[in-house]
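Report on the following structure.
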Amino acid sequence: MLTALFAIAVSALLAPALSARMDDRAGWFLALAPLGAFAWFVSCIPTVAVGGVVTESIAWVPALGIDVAMRLDGLSLLFALLITGIGTLIVLYAGAYLSDHHHLGRFYAYLLVFMMAMLGLVLADDLIAMFVFWELTSVASFLLIAFQHEKSVSRRAALQALLITGGGGLALLAGLVLLGIAGEAWRFSELDVAAVEAHGLYYGIMVLVLIGCFTKSAQIPFHLWLPNAMNAPTPVSAYLHSATMVKAGVYLLARLNPVMGGEGGWSDVLVLVGASTAVVGAVLAIRQTDLKRLLAYTTVTVLGQLTMLIGTNTTYGLQAFVLFLLAHSLYKGALFMAVGAVDHATGTRELAKLGGLIRFMPLTGAAVALAAFSNAGLPPFFGFIAKEFAYAGLIEMGVTGWIVTAVMVVTNALLLAAAGLVFIRTFLGARGHYPREPHEVPMPMWLGPMLLAIGGFVLGAWHHWPETWLINAAVQAVARGAVDVNLYLWGGVTPAVVASLLTVGLGVLFYGFRHAVRRHIARWRVFWGVSGDLIWDRLLKRLFRFAGMLASGWQHGSLRLHLILLGLVLSSTVFVGLGVGGEPLLGAGAHPAGAVSPLSLPGVVGCLLALAGAGAAAVMRGRLALVTALGASGLGLALFFLAVNAPDVATTQLMVETLTVVFLALVLRKLPSIPGAAPEGRGARATHLLVSVFFGAAVALALIVAVNLPLAGNISEWYLQNSYPGGKGGNVVNVILVDFRAFDTLGEIVVVALAALAAATLLGGGEHTEMTRRGQPEFDSVLLRQAVRPLAGLLVLVSLVLLWRGHNLPGGGFIGGLVAATGFILVVLTFGNYPARALMRLRPTLLVGAGLSCAVGAGLLGLMAGEPFLTGLWIFPLGLPLGTPLLFDMGVFLTVFGSVMHMMQRIAGRAT
Amino acid sequence: MEFLIASAVGMMTMAGIYLVLRGHTFPVVLGLALLSYAVNVFLFAMGRLAIGQQPVIDAAATGYTDPLPQALVLTAIVISFGMTAVIVVMALRAYLESERDTVDLGEEEPPGGGAQQ
């Protein structure tokens, strides 16, 4: 079964390419996959017919107990045969129908994807897997309805179908999850019936599942989308919107009938909704003049009747359900395909323009005749048995049954009249006024309808075949208990036969007086005003307006208001959390970590500097003053890091601070001055101040409380112990960066490189701008020139030393790169950009590239040695430890250096 | 020490948020830079403060500082520099293209108006 799904999915993928190469012959190849699947399912019939099941399963999300579990029983088999069998014919038909369409390949792909999804839906035993396939059919249906997307009608219909079935899908998902919880299993076959029925949410589950099924199967009031979906190409209408997809809802109802169909009102709802749908569909059908829409409404009717039949839950009712399902798929598929052929041949589907086609299209006409007889429920066609059993099933129900039967007689009579319209009005009588000269359609187009129509006749005439091989097993799967299946064409003069006779009589009357009937129906104006698409359009409009209101309330376009809200919520959460948690403040706790660390001079100075800098930044107005305050704050932090024995971090902070200030100052100098802070209202400022104070206090408090708690776990211990033996380095920070967590570092230097490239690109300019700025220094001072020369050289030397010793002593690639960049920037500032470039010889971007290659290369060496990516490898020539982490660190050095230089040179070289 | 650094972090956060709430881009950029400092120190402090302990493996050492937050913060500092550079350049570029320097859409200003240092 999984192979069948897979094969169809693969042919869907191949379809566009194949179609481009082979034009309309591609269909014959693509039909092989469904045909093969059909053959396989046929071979399963003997197993399933005697009550056996075929199961297959692969784990999908084992952690949640979700498998792609497949289970083939009677009901699934019936559907699978319909899907693959009709699917094969449809693929062939589509090739001829759309032979001149330039997107035929895409059409095949969508169609096959749908086929795969639909097959998965009926085979899946797992609730969640079934749901996934269910949604996939909705998506495929959307794509197929919108296939002629140039037409706005198609787009609207596709969206409507997607919204309705998708919305129902949401309800279904909720229902299925609840069902799984209530039934204590995630397989349809393992659901605990007693547990579900006793569950408190039984009615909730029922409503949710029913919404899902009713939307999919176009029951009232969700039937809107189905007639509109007829804007799709005819193969789609024939396949999705009559034979298969719309039956998915009915399928699920049938599948769940043994579980849900107890005394909980399930049957009543199904009968009521199904019967109303059937009546509305039939009345609307007879009003149509477009053949395809007429068929669409009769499909709605049939779907209603099917739903109703499940609801009867009687012996005859369930048999009738299975019979009717099969009969309808056969004849309606045939009729749709034939109508498509008529449309193809004559260029119209309007009843008024058609007539007398049998002369031009004898084969199609014959197929339609057979299908229409089955549709009308005349003996000995399969449709007759289905109708007979349906009446018998309804009558079995008692008083309600009688009322429903009366309604059904009228409905079926209308259907019969509709069938008459399709055959008699189109193919017999006088020659119509066709836009095109009609001709018989090519073989693939009449083959499908013909085979299906003949199927309807054969199954009816030799009804003991389907009884033994198909119907029995399917009925057992739908019923709550064992059901005795016995098909017959003639069972004596029973009430059902009388009802049948009545139906035929009424139907002939309706057809004879069809104009009068239409006139009468047209009088109920109130009714037409209510039903239809109007409500839908208004609903959507209201929905959009509501969404717009909601969105513009929140998306007011003011970053500041968002921030204020965010800050207030976050700080309130912190305050409340701390209050509720009741953690003691610093020093007050009994934790050993609660001990306050002693003050040290650099620490105190650093903290005060950071504090003062930050405070000044908030108060200062001028932009250079702001930069200076930021610099002071950063320097203070560097001091603090030094005081708490983090020399690497301290050096990095120091270097970055220097570079930041230089960069910001250059930006301010080089680019046209932008306006400073415009005067703002006093009230606004006060609010901002309040929010920031609130937020700052929350953060400070959180920090105090957090450091007071003992450390959970001890990851660092591992790093400390393994640094020397494993990483061959004494500077644990550096070993972590270039060895233990080198992958992280690799990502980080890539970020740095990308940031530099982005900033430089945004600055614009590029090569020639830099060249025209040759030799123009920022500070033109002889004294500075003389002093900077040795200083810059020294800095570069120091950076190399830092790089080398970084593995064992404070230093490393990051710090080295930053120091080297600082040295070169001195040169740039003093001598101008061009001499600096000449001195460096290499372009910074080249350095960045070389650095990243170094780092990745170091990782690949590990990979080549058969170890995971970035594993450290070491050699010891002359007792000197050399390893790939050092190469990696060099890569870090070059990347950081190159990135900073790239940005700085670009800004320094930019014309003011 | 903990109290002191917590105040510094609180102050930096406060100033950062206050600057971010300004109407023009340059203070906002600096505010973000200050906020990133505060975040870095906060992260660092999560490894607890250790005065007078060794950062580097040494036979004579009695205890070590926590290396993991240090490694994390070190790279974070470099990356926040990159980020600051990108957003300041982006802000300038946006100003050059649109002649507007306000953070929020509603607060239009006359093109090129109100230039002041």
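The values are calculated or read from the model by the stated rules, or taken from the named source; none is laboratory data. The model shown is predicted, which means the values in this text are computed figures rather than measured ones. Because the Cβ atoms are built from the backbone with ideal geometry, glycine has one as well, and the counts that use them run over all protein chains shown.
A few remarks follow.
- Applying the criterion of being of a type in the set (A, V, I, L, M, F, W, C) and crowded, with 20+ Cβ neighbours inside 10 Å to the residues of region B:77-86, the residue that is farthest from residue A:818 (Cα to Cα) is B:86.
- Within region A:349-365, the set of residues being touching a Lys or Arg at 6+ places or on another chain (Cβ under 8 Å) and closer than 21 Å to residue A:418 by Cβ comprises A:349, A:351, A:354, A:355, A:356.
- Qualifying residue in region B:51-67 (condition: within 7 Å of another protein chain (Cβ to nearest Cβ), in a helix (DSSP H, G or I) and surrounded by 20 or more Cβ atoms within 10 Å (Cβ to Cβ)): yes
- Among the residues making up region B:22-41, those that are under 24 Å from residue A:711 (Cα atoms) and surrounded by fewer than 21 Cβ atoms within 10 Å (Cβ to Cβ) are B:36, B:39.
- Restricting region A:700-725 to residues that are without any contact (Cβ under 8 Å) to a residue 60 or more places away in the chain and more than 7 Å from chain B (Cβ to nearest Cβ), the residue that is surrounded by the most Cβ atoms within 10 Å (Cβ to Cβ) is A:722.
- Residue match in region B:18-36 (condition: more than 7 Å from chain A (Cβ to nearest Cβ) and within 15 Å of residue A:650 (Cβ to Cβ)): no
- The helices (runs of 4 or more DSSP H) found wholly in region A:244-328 and carrying at least 1 residues that are within 30 Å of residue A:353 (Cβ to Cβ) and among the aromatic types (Phe, Trp, Tyr) occupy A:291-312.
- Yes/no for residue B:14 being surrounded by fewer than 20 Cβ atoms within 10 Å (Cβ to Cβ), aliphatic (A, V, I, L, M) and either at the interface with chain A (Cβ under 7 Å from one of its Cβ atoms) or more than 26 Å from residue A:619 (Cβ to Cβ) (or both): no
- Of all the listed residues (A:649, A:662), the sole one being at the interface with chain B (Cβ under 7 Å from one of its Cβ atoms) and either in contact with a strand residue (DSSP E or B) (Cβ under 7 Å, 6 or more places away or on another chain) or among the aliphatic types (A, V, I, L, M) (or both) is A:649.
- Applying the criterion of being surrounded by 23 or more Cβ atoms within 10 Å (Cβ to Cβ) and not small (Gly, Ala, Ser) to the residues of region A:37-67, the residue that is farthest from residue A:115 (Cα to Cα) is A:48.
- Of all residues in region B:42-66 being farther than 18 Å from residue A:711 by Cβ and small (Gly, Ala, Ser), the one that is modelled with the lowest pLDDT: B:52
- Residue within region A:227-236 that is more than 23 Å from residue A:125 (Cβ to Cβ) and more than 31 Å from the chain's Cα centre (by Cα) present: no
- Screening the candidates A:801, A:828, A:788 for the property of being assigned to a helix (DSSP H, G or I) and closer than 17 Å to residue A:890 by Cβ yields one hit, A:801.
- Filtered residue count, region A:400-427, keeping only those that are under 43 Å from the mean Cα position of the chain (by Cα) and among the small types (Gly, Ala, Ser): 2
- Across region A:578-616, the qualifying residues are those that are in a loop (DSSP other than H, G, I, E, B) and facing chain B (nearest Cβ under 7 Å), and the one among them that is modelled with the lowest pLDDT is A:586.
- Matching residues, region A:491-521, being at pLDDT 80 or above and polar (S, T, N, Q): A:500, A:503
- Of the criteria (1) modelled with pLDDT of 85 or more; (2) crowded, with 20+ Cβ neighbours inside 10 Å; (3) of a type outside the set (Asp, Glu), which one residue A:763 fails: (1)
- Just so you know, in region A:440-480 the residues that are under 39 Å from the mean Cα position of the chain (by Cα) and assigned to a loop (DSSP other than H, G, I, E, B) include one that is nearest to residue A:338 (Cα to Cα), and it is A:479.
- Scanning region A:126-145 for residues that are over 29 Å from residue A:181 (Cβ atoms) and touching a residue at least 24 places away in the same chain (Cβ under 8 Å) yields A:140, A:141, A:143, A:144, A:145.
- Among the conditions (1) at positive phi; (2) buried (at least 19 other Cβ atoms within 10 Å of the Cβ), the only one that residue A:844 does not satisfy is (1).
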